[in-house]
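Contents: one structure, followed by commentary.
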Ligand SMILES: Cc1ncc(COP(=O)(O)O)c(C=O)c1O
């Protein structure tokens with residue numbers, strides 16, 4: 001029997017009321033938590049430099065600004081995947097740089113073979129690898145190809161904290177990396193972004209920018225705290241039906257925006273982020289168990305294909321992506337949602353089809369085909385700690401029923 005009030009959110013990380021109370025208590029009595037948090041992130045990543053800012057978007061914007069500064073403003077193009085989070089091109093534009101697309105391979109969601117080899121290092125400043133859904137891209141190859149052309153690499157691990165490839169943590173490949181502590185991530189402090197690098201020159205350029213960013217106001221900290229309480233209460237599958245039934249909240253919608261602030265990290269939220277960060281191994285292990293079960297149980301075939309994991313990669317599985325025949329995708333999504341599962345179609349279009357970017361892209365067309373195919377086929381399934389084995393059985397049954405019956409439309413009986 002399905003529980004009508006249970007709805008499994010698409011993403012997020014369980015936070016208990018005790019977590020919230022302990023974090024607030026910590027924020028009131030200790031002033032060194034942010035420093036400790038930074039030190040722990042730095043040590044875990046094994047990098048020489050780490051700094052925190054307001055969001056992952058701010059971190060990516062500042063990372064690109066820093067590369068522009070060390071490059072002396074010579075080059076102004078940034079290569080990004082043709083299918084990725086819209087925050088990636090918006091950060092490029094916000095940093096005053098130009099977006100150039102490289103197509104993705106739909107089967108891996110990584111850059112397509114040969115896609116990076118064609119770029120001209122005299123114009124391209126950096127390549128951004130985005131490790132979608134916590135699946136590490138082939139950073140060893142990306143870094144080699146980029147560096148052979150004198151191009152910097154940004155290892156954007158906003159979605160991949162806890163993942164690794166070639167035994168090295170995601171975010172620490174290339175010249176500069178970022179993480180995000182946004183609400184949908186496996187470590188969250190509602191908002192937050194991290195920059196990591198081993199390069200002294202890049203670190204200096206980052207420090208100069210971070211130092212002059214505006215600090216969080218008391219009002220902003222209070223708003224973060226209020227959001228944290230609501231998040232802790234309503235992310236639970238027994239509470240999520242409420243925000244999920246309020247369309248004006250726009251949960252899960254993706255918009256292209258460049259008007260986000262560049263600001264310092266809210267130190268009041270550090271205790272919450274730090275608390276979750278100390279549990280990162282357990283959080284990641286649980287996501288991997290959930291992903292492995294789905295891998296074993298889903299009815300793979302021509303209508304439903306898995307995303308291939310790169311050799312040597314240990315994914316963080318922020319979500320579990322699958323590729324569904326476009327004829328059936330909407331029916332599968334509708335059936336999953338009707339059965340209380342927060343499955344999503346992820347980002348609505350390839351980057352080449354974001355209207356605000358159409359006239360700004362350095363290259364469109366053939367190189368966007370893979371991205372457009374992903375946009376038509378992708379579905380993400382939740383992997384977080386609130387997902388139970390019964391939820392997973394339900395996911396598998398729903399997908400099997402819709403695909404098995406060849407249903408192109410879904411309407412609840
Ligand atoms: C790949 C990637 N980069 C950057 C960001 C921006 O992070 P934030 O939401 O913390 O601004 C995101 C957001 O999810 C992302 O997925």
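The values are calculated or read from the model by the stated rules, or taken from the named source; none is laboratory data. On a predicted model such as this, the values are computed, not experimentally measured, just so you know. Glycine gets a Cβ as well: all are built from the backbone with ideal geometry, and neighbour counts include every protein chain shown.
Here are some notes:
- Count of residues meeting criterion [surrounded by fewer than 24 Cβ atoms within 10 Å (Cβ to Cβ) and within 18 Å of the chain's Cα centre (by Cα)] in the stretch 108-124: 1
- Residue that is farthest from the chain's Cα centre (by Cα) [pool: residues in the stretch 95-107 that are within 16 Å of the ligand (Cβ to nearest atom) and in a loop (DSSP other than H, G, I, E, B)]: 97
- Top-ranked residue of the stretch 306-329 - restricted to ones that are touching a helix residue (DSSP H, G or I) at 6+ places or on another chain (Cβ under 6 Å) and closer than 20 Å to residue 158 by Cα, ranked as surrounded by the fewest Cβ atoms within 10 Å (Cβ to Cβ): 321
- Total residues in the stretch 204-216, condition more than 23 Å from the chain's Cα centre (by Cα) and either farther than 15 Å from residue 55 by Cα or surrounded by 14 or more Cβ atoms within 10 Å (Cβ to Cβ) (or both): 9
- Number of the condition not met by residue 287 [criteria: (1) surrounded by 18 or more Cβ atoms within 10 Å (Cβ to Cβ); (2) at pLDDT below 95]: (2)
- Residue in the stretch 18-31 that is touching a residue at least 24 places away in the same chain (Cβ under 8 Å), touching a strand residue (DSSP E or B) at 6+ places or on another chain (Cβ under 7 Å) and crowded, with 20+ Cβ neighbours inside 10 Å present: no
- Qualifying residue in the stretch 125-142 (condition: over 20 Å from the mean Cα position of the chain (by Cα), without any contact (Cβ under 8 Å) to a residue 60 or more places away in the chain and not in a helix (DSSP H, G or I)): no
- Across the stretch 44-74, the qualifying residues are those that are more than 15 Å from the ligand (Cβ to nearest atom) and closer than 18 Å to residue 271 by Cβ, and the one among them that is surrounded by the most Cβ atoms within 10 Å (Cβ to Cβ) is 50.
- Qualifying residue in the stretch 389-402 (condition: in a loop (DSSP other than H, G, I, E, B) and crowded, with 16+ Cβ neighbours inside 10 Å): no
- Residues that are in a strand (DSSP E or B), away from the ligand (no atom under 11 Å from the Cβ) and either within 19 Å of residue 231 (Cα to Cα) or in contact with a strand residue (DSSP E or B) (Cβ under 7 Å, 6 or more places away or on another chain) (or both), drawn from the stretch 143-176: 152, 153, 164, 165, 176
- Residue 92 being at pLDDT 95 or above, under 22 Å from the mean Cα position of the chain (by Cα), away from the ligand (no atom under 12 Å from the Cβ) and in a helix (DSSP H, G or I): no
- Per the conditions (1) closer than 30 Å to residue 288 by Cβ; (2) part of a loop (DSSP other than H, G, I, E, B); (3) more than 16 Å from the ligand (Cβ to nearest atom), the sole criterion not satisfied by residue 114 is (1).
- Complete set of residues in the stretch 75-89 that are assigned to a strand (DSSP E or B) and surrounded by fewer than 24 Cβ atoms within 10 Å (Cβ to Cβ): 77
- Just one of the listed residues (59, 66) is at negative phi, more than 19 Å from the chain's Cα centre (by Cα), modelled with pLDDT of 95 or more and outside any loop (DSSP other than H, G, I, E, B), namely 66.
- Restricted to the stretch 178-269, the set of helices (runs of 4 or more DSSP H) holding at least 1 residues that are in contact with a strand residue (DSSP E or B) (Cβ under 7 Å, 6 or more places away or on another chain) and within 16 Å of the ligand (Cβ to nearest atom) comprises 200-211.
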